[in-house]
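Okay, structure first, notes after.
Each reported figure results from applying straightforward, stated rules to the coordinates on display, with no laboratory input. Not measured: the values here are computed from a predicted model. For neighbour counting, all protein chains shown are included, and Cβ atoms are generated from backbone atoms with ideal geometry for every residue, glycine included.
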Amino acid sequence: MINKEEKILEKIPDLIKNVKEKCPLTHCITNFVTVNDCANAVLAIGASPIMAEELDEVEEIVNISDALVINIGTLKHPQIEAMKIGSAQANKINIPITLDPVGVGVSKLRNNTTIDLIKNYNISAIRGNITEIKTIAKLFNVTDETNTAKGVDVCNDDIITKDNLKANGKIIAKTAEKLNTVILASGPIDILSDGKTTIAIYGGDEMMPLITGSGCMLSSIVGSCIGATNPFDGTLLAILAMNKAGEKARAKVDEENLGTGSFRTLLIDALYKTDAEELANESKIEIL
C-alpha cells in the first residue's frame, strides 16, 4: 500500500515534464550578486530566465512571463518600485509571485519592503532560511519569538534539526496559513507548508551554504516550477531537485578533491541533469 509520502513523490516525473514542456519564462527581479547564477539555474532546470527591473519595461516583461521572482538581496529604491509595479501587474494577469526575503530582520528597509510586498500583493510562495521565515512570522504577529538575523545567513539558534523540527513546522504552517501562501524554509532539513499540509524534506549538502547564491538559485527555480504547475507542487519539485543536485555536486567534489568554486559549477551541471525517476524514488520526505 502506498503511503502518503510516496503518493506525493509519485507526481514528481509529471511535474518535471511540465516544466520542460512549458519552459516557463521566469522574470527575476533579483540581486546583482547572484543574478548570473540565478539565470543559469533557471536554464538548467528547463525554464527560461529574463532579468528586467527598468521601470519603463517591467510591466511589459511581466505581461509575457509565466512567473515573477522577487529577491530583496541588494535593495535600492528604484528596484523596490520595480518590484511593486511587477507585482501589481502579475496579480492583474494572475501569474505567480515568489518572494525571497533575503536578510529580512537586518534593516528597516528590508523589513518594510517585505511587509509591503506581502500585505499589498498576492504572493504565491515565500522561500527563505528559517531565521527569515521566523522574522516574517514576528512581523505579522504569528509569533513573538525573536532571533537576531546574521546578515543573510541563518541564526545559529534557528538551524533546523530533528529536535526542533516539529516546533519549527508549526510556526511555518501558522505563518503560511495566515499569509495564505506556500512557505519553504530551507536548511539542513527543509520545511514546506501551505498551512494545511506541512512536509519535512531531507537531503542536500552542507557545502551548499558555503557558496554565494544557492538560496537565490533555489528561489528562482521555485518560481520557474510554480510557473509550470501550482505553488505547493512547484516548490516541492524545486527543493527536491536542488537537494539532489547538491548531493551529486558534493560527491564529485570529494571524488576529485575540489573546492567550493567547482561545487558551484557542478551544482548547475547536476540541475541540468535532473533525473525525474531518481527524484521520485530516492527523495526522502516526512509529513509533519
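How large is ³J(HN,Hα) for each residue in the stretch 130-138, as worked out from phi by the Karplus curve 6.51 cos²θ - 1.76 cosθ + 1.60 (θ = phi - 60°), to whole Hz, x for Gly and Pro?
Karplus-based 3J(HN,Hα) across the stretch 130-138 equals 5, 5, 5, 5, 5, 5, 4, 4, 6 Hz.
Rounded to two decimals, what is Rg over Rh for the chain when you use alpha-carbon atoms and the Kirkwood radius?
Reported Rg/Rh, Kirkwood definition of Rh: 0.94.
I need the phi-derived Karplus couplings for the stretch 72-83: 6.51 cos²θ - 1.76 cosθ + 1.60, θ = phi - 60°, integer Hz, Gly and Pro marked x.
Using θ = phi - 60°, the values come out as 9, x, 9, 5, 9, 4, x, 5, 4, 5, 5, 4 Hz.
Which trypsin sites (Lys or Arg not before Pro) does the stretch 1-105 hold that lie in a coil by DSSP with at most 13 other beta carbons within 10 Å?
Within the stretch 1-105, the qualifying trypsin sites (Lys or Arg not before Pro) (loop, at most 13 other Cβ atoms within 10 Å) are Lys76.
What number, in percent, do you get for the relative contact order of the stretch 182-263 if the mean sequence gap of Cα pairs under 8 Å and at least 6 apart is divided by its residue count? Don't skip to the answer; put the middle values down first.
On the way: 92 pairs, mean separation 21.2, N = 82.
Relative contact order for the stretch 182-263 comes out at 26 percent.
Relative contact order for the chain using alpha-carbon pairs under 8 Å, separation at least 6, rounded to a whole percent?
About 22 percent, as a whole number.
With only Lys, Arg, Asp and Glu charged, each at its Cβ (+1 for the first two, -1 for the last two), find how big the charge dipole of the chain is about the Cα centre; round to the nearest 20 debye.
Details: 29 positive and 39 negative charges, 142 e Å.
Its charge dipole is roughly 680 debye.
If we count every other residue with Cβ under 10 angstrom of Pro78's Cβ, Lys/Arg +1 and Asp/Glu -1, where does the sum land?
-2
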